[in-house]
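This report concerns only the one structure given below.
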Amino acid sequence: MTSELPPSLLPTLPGSSYTDPQIFAREQERIFEQMWFCAVRADDLERPGSFRTVQVGRESVLVTRSRDDSVKAFLNICRHRGARLCTQEAGEVKRAFQCPYHAWTYGLDGKLVAAPHLTGMPDVDRTTYGLLPVHVREWLGYVWVCLAEEPPSFETDIIGAATERLGDPSAIDRYQVDGLSVGRRIRYEVRANWKLIVENFMECYHCATIHPELTEVLPEFAGGYAAQSYVGHGAEFAGEVQGFTVDGSAGADRIPTVSDEQDRRYFAITMKPQVFVNLVPDHVIVHRMYPLAADHTVVECDWLFLKDVVEAGRDVSRSVELFHRVNVQDFDACERCQPAMDSRAYRTGGVLVPSEHHIGAFHQWVTDRLR
Ligand code: FES
Ligand SMILES: [Fe+2]
């Protein structure tokens, strides 16, 4: 099939890549359980005992703040007989997590601190039978976890993606993303494979068709070439546009450390496997994907602004509305493709036009990871 394609076209993955539960299970094992996974916003863990549970590959992971204020993450499984420890997505405990089954109790550092009749079992080591820890890193104000025994280099895989895209290691630091506050968070239930969402984010061939508001603000997007295919290039705002908002009106206060070269420009970064970062002068939009099944992905999207802007209750609705519309337009498109992945029309896949050819590298990356 491939050999019959004219040079303008490259093949995509076959349809089964987006529907086959066995392929999805392999992706969970070889991608999401091996790589750094952006789990929660650190600010969401307000104080010691605040917790979140997130699905990472096939595992439920418990992320919490410890007494010493550090963030810790564990497999959300009781070491006694395997009950899921926390069933809520978010919550707070005073000083320990107690299993609802036989009441084994774990400190915020994961250590086994109490269990019925534990004093009668002096040979049971409280660390050995503590919760199983997973690796944790904090960057951009997010908690990233890694389930691999030996995690890959965070510097290469995650920070490196930003450097590679922006062409300058300090460029992302100027947005001070870790110090920004969540002005708005929207959770999208997308009935599509996570790879369709990544592929869609990587190309702008669709921008002229489905993103009228975005192409008003970023006219070069109508040309179909995603700004992210050129290292260091940010798409420039249209001349009459004042801010990255749905109607081109002024946005919030500019992040003071953003450089003049970064002003009035939009940069997008894909951090494989599940994060997109969008940078504009006054806010940062971060997408985290949680792939739950071959045809089901939850996307949590945060709009981050300067703390003062959020605390003063400033109206950021026009900023939020622009990318919210883009999200809905994109996810609708992905959901329109998903059912077709099972069709005989897509058995050997589709094709990529030249402005999408870089998606071929993503397909190759997925294929290599699953081999
Ligand atoms: S399974 Fe948790 S205490 Fe028994
Ligand atoms: Fe899009």
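Of the chymotrypsin sites (Phe, Trp or Tyr not before Pro) found in segment 246-287, not one falls in a DSSP loop while having at most 16 other beta-carbon atoms within 10 Å.
Note on the chain: GNM, Cα springs under 10 Å; of 111, 195, 72, the largest mean-square fluctuation is that of 111. Give the cross-link partners of residue 111 among the lysines, using a straight C-alpha distance below 16 Å as the criterion and excluding same-chain residues fewer than 8 apart. The qualifying lysines are 72, 94.
Rounded to the nearest 500, the helix-only mean residue ellipticity at 222 nm of the chain stands at -5500 deg cm²/dmol, with each DSSP H run of n ≥ 4 adding -39,500 (n - 2.57). Entry note, segment 57-182: relative contact order of 18 percent, from Cα contacts under 8 Å with a spacing of 6+ residues. Taking all C-alpha pairs of segment 170-211, those more than 16 Å from each other amount to 65 percent.
Within the chain, 38, 86, 146, 301, 334, 337 have no other Cys Cβ under 4.7 Å of their Cβ and so lack a disulfide-compatible partner by this rule.
For segment 147-196, a Kirkwood radius taken over Cα pairs fed into Stokes-Einstein (4 °C, viscosity 1.567 mPa s) yields D = 92 µm²/s. Distance from the alpha carbon centroid of segment 48-67 to that of segment 153-202 works out to 21 angstrom. Here 309, 182, 56 are placed in order of increasing Cβ neighbour count within 10 Å, fewest first, which gives 182, 309, 56. Ordering 275, 258, 313 by Cα displacement along the dipole of segment 257-324 toward the positive end leaves 275 in first place; charges were set at the Cβ atoms of Lys, Arg (+1) and Asp, Glu (-1). If you take the beta carbon distance between residue 58 and residue 260 as r and set R0 to 45 Å, what does 1/(1 + (r/R0)^6) give as a FRET efficiency, to the nearest 0.05? The value I calculate is 0.45.
For segment 102-173, the relative contact order is 17 percent, taking Cα pairs closer than 8 Å that sit 6 or more residues apart in sequence and dividing their mean separation by the residue count. Using C-alpha pairs below 8 Å separated by at least 6 residues, the relative contact order for the chain is 21 percent.
Fewest neighbouring Cβ atoms within 10 Å first, the residues 33, 138 line up as 138, 33.
Helix check for the chain. Which DSSP H runs span at least 18 Å along their own axis by Cα, with a mean Kyte-Doolittle hydropathy no less than -1.0? For the chain, where a helix must reach 18 Å along its axis and average at least -1.0, the hits are 317-337. Calculated over the chain, the projected area of the Cα convex hull averaged across directions stands at 20.1 nm². Once the mean of 1/r is taken over each pair of separate Cα atoms and inverted, segment 36-151 shows a Kirkwood hydrodynamic radius of 14.3 Å. The spacing between segment 329-359 and segment 74-111, judged by their C-alpha centroids, is 42 Å.
None of the figures in this text is laboratory data; all of them are computed from the coordinates on show. Just so we're clear, the structure is a prediction, and the values are computed from it rather than from any experiment. Using ideal geometry, Cβ is built from the backbone for each residue, glycine included, and neighbour counts are taken over all protein chains shown.
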